[in-house]
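Data first, discussion second: the structure below is written as structure tokens.
The values are calculated or read from the model by the stated rules, or taken from the named source; none is laboratory data. Remember, it's a predicted structure, so these values are computed and weren't measured experimentally. Here Cβ is always computed from backbone atoms with ideal geometry, including for glycine, and neighbour counts include all displayed protein chains.
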Amino acid sequence: MKKTHITLFIVGLYSILNCISMSAQTHYDSRVYIGGHAGLNLSRVEFTPSVTQGFNPGINAGINFRYIEEKHFGFIVELNWEQRGWKEDFEDLNYKYSRTVNFIQLPFLAHIYFGNRGKFFINAGPSISLRLSESTNTDIDLTTISSNSDFNNRVTYQMLEPVHQKVDYGIQGGIGGEFSINKRNSIYLDARFYFGLGNLLKSGRTENIRGSNPMTISVSAGYWFRIK
């Protein structure tokens, strides 16, 4: 499974570099933009064995660079601060548990767009993230959870395990719309899905947790300023 994830990551990175190389073979009047964005994240983790969850809300914010060399195609590099994690669902039990992990993220995205003043776009590509910190919000006494009968039929290893992954890598893709205010200024809305190819917690065939891939749905609003 991990080999498949790594292969997908390499293929995604190669595809972006190949597209950039192809677009550079023909001369066009290039356009360069800088900008920023902020928005909301809804995240969870794909655990093996499975854990009943809801979405853990968080925020995202960052600065952007966009280079367009060919009509309908360009690429975007971002430097983002993101909150990810998971929130457990205890159904009828009156407990709460959520883990929030803060990351600095660097995505490399192919950017395909259609339209003139009003544009529809698709962004997709790989990203790499550096973990900064983590925090837990719970009313459960984790020191006695193994003897608590309320959790006899529930997986609890993930509650006790600290975040193991210092560097996370994954793929993301999404769609959005952009509106040009004038020749240099535009605003946009962007929706994305991110899937982490690495494990957030210490995971493996010989571990209590066999898989812990982070997933995030994000929605953000942003601004572009054309500098060239």
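Of the residues making up segment 107-146, those that are more than 27 Å from Tyr95 (Cα to Cα), surrounded by 12 or more Cβ atoms within 10 Å (Cβ to Cβ) and in contact with a Ser or Thr (Cβ under 6 Å, 6 or more places away or on another chain) number 1.
Results for (1) in contact with a Leu (Cβ under 7 Å, 6 or more places away or on another chain); (2) at pLDDT 95 or above; (3) among the charged types (D, E, K, R); (4) within 17 Å of Ala124 (Cα to Cα), shown as yes or no for each residue.
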site	(1), (2), (3), (4)
Leu17	no, no, no, yes
Asp29	no, no, yes, no
Val45	yes, yes, no, no
Ile59	yes, yes, no, no
Val77	no, yes, no, yes
Trp81	no, yes, no, no
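Just one of the listed residues (Val77, Val155) is closer than 18 Å to Gly36 by Cβ, of a type outside the set (S, T, N, Q) and out of contact with any Gly (no Cβ under 8 Å at 6 or more places or on another chain), namely Val77. Using the structure shown, decide if Thr156 is out of contact with any Phe, Trp or Tyr (no Cβ under 8 Å at 6 or more places or on another chain), among the β-branched types (Val, Ile, Thr) and either farther than 27 Å from Thr48 by Cβ or surrounded by fewer than 16 Cβ atoms within 10 Å (Cβ to Cβ) (or both). Judged against the criteria, Thr156 is not a match.
I'd like to know if segment 77-90 contains one or more residues that are in a loop (DSSP other than H, G, I, E, B), among the aromatic types (Phe, Trp, Tyr), loosely packed, with under 14 Cβ neighbours inside 10 Å and at negative phi. No, because not a single residue in segment 77-90 is in a loop (DSSP other than H, G, I, E, B), among the aromatic types (Phe, Trp, Tyr), loosely packed, with under 14 Cβ neighbours inside 10 Å and at negative phi.
Does Glu78 satisfy the condition of being in contact with a helix residue (DSSP H, G or I) (Cβ under 7 Å, 6 or more places away or on another chain) and charged (D, E, K, R)? It is false that Glu78 is in contact with a helix residue (DSSP H, G or I) (Cβ under 7 Å, 6 or more places away or on another chain) and charged (D, E, K, R). Could you tell me whether segment 116-123 includes any residue that is assigned to a loop (DSSP other than H, G, I, E, B), basic (Lys, Arg) and either within 19 Å of Val219 (Cβ to Cβ) or at pLDDT below 95 (or both)? Checked against the condition, which is being assigned to a loop (DSSP other than H, G, I, E, B), basic (Lys, Arg) and either within 19 Å of Val219 (Cβ to Cβ) or at pLDDT below 95 (or both), segment 116-123 yields at least one hit. Screening Gly176, Gly204, Gly222, Gly198 for residues that are crowded, with 17+ Cβ neighbours inside 10 Å and assigned to a loop (DSSP other than H, G, I, E, B) leaves exactly one candidate, Gly198.
Evaluating Val51 against the criteria (1) within 21 Å of Leu201 (Cβ to Cβ); (2) touching a helix residue (DSSP H, G or I) at 6+ places or on another chain (Cβ under 8 Å); (3) part of a strand (DSSP E or B) leaves one unmet condition, (3).
Scanning segment 185-212 for residues that are under 20 Å from Ile34 (Cα atoms) and either at pLDDT below 95 or aromatic (Phe, Trp, Tyr) (or both) returns a single hit, Tyr188.
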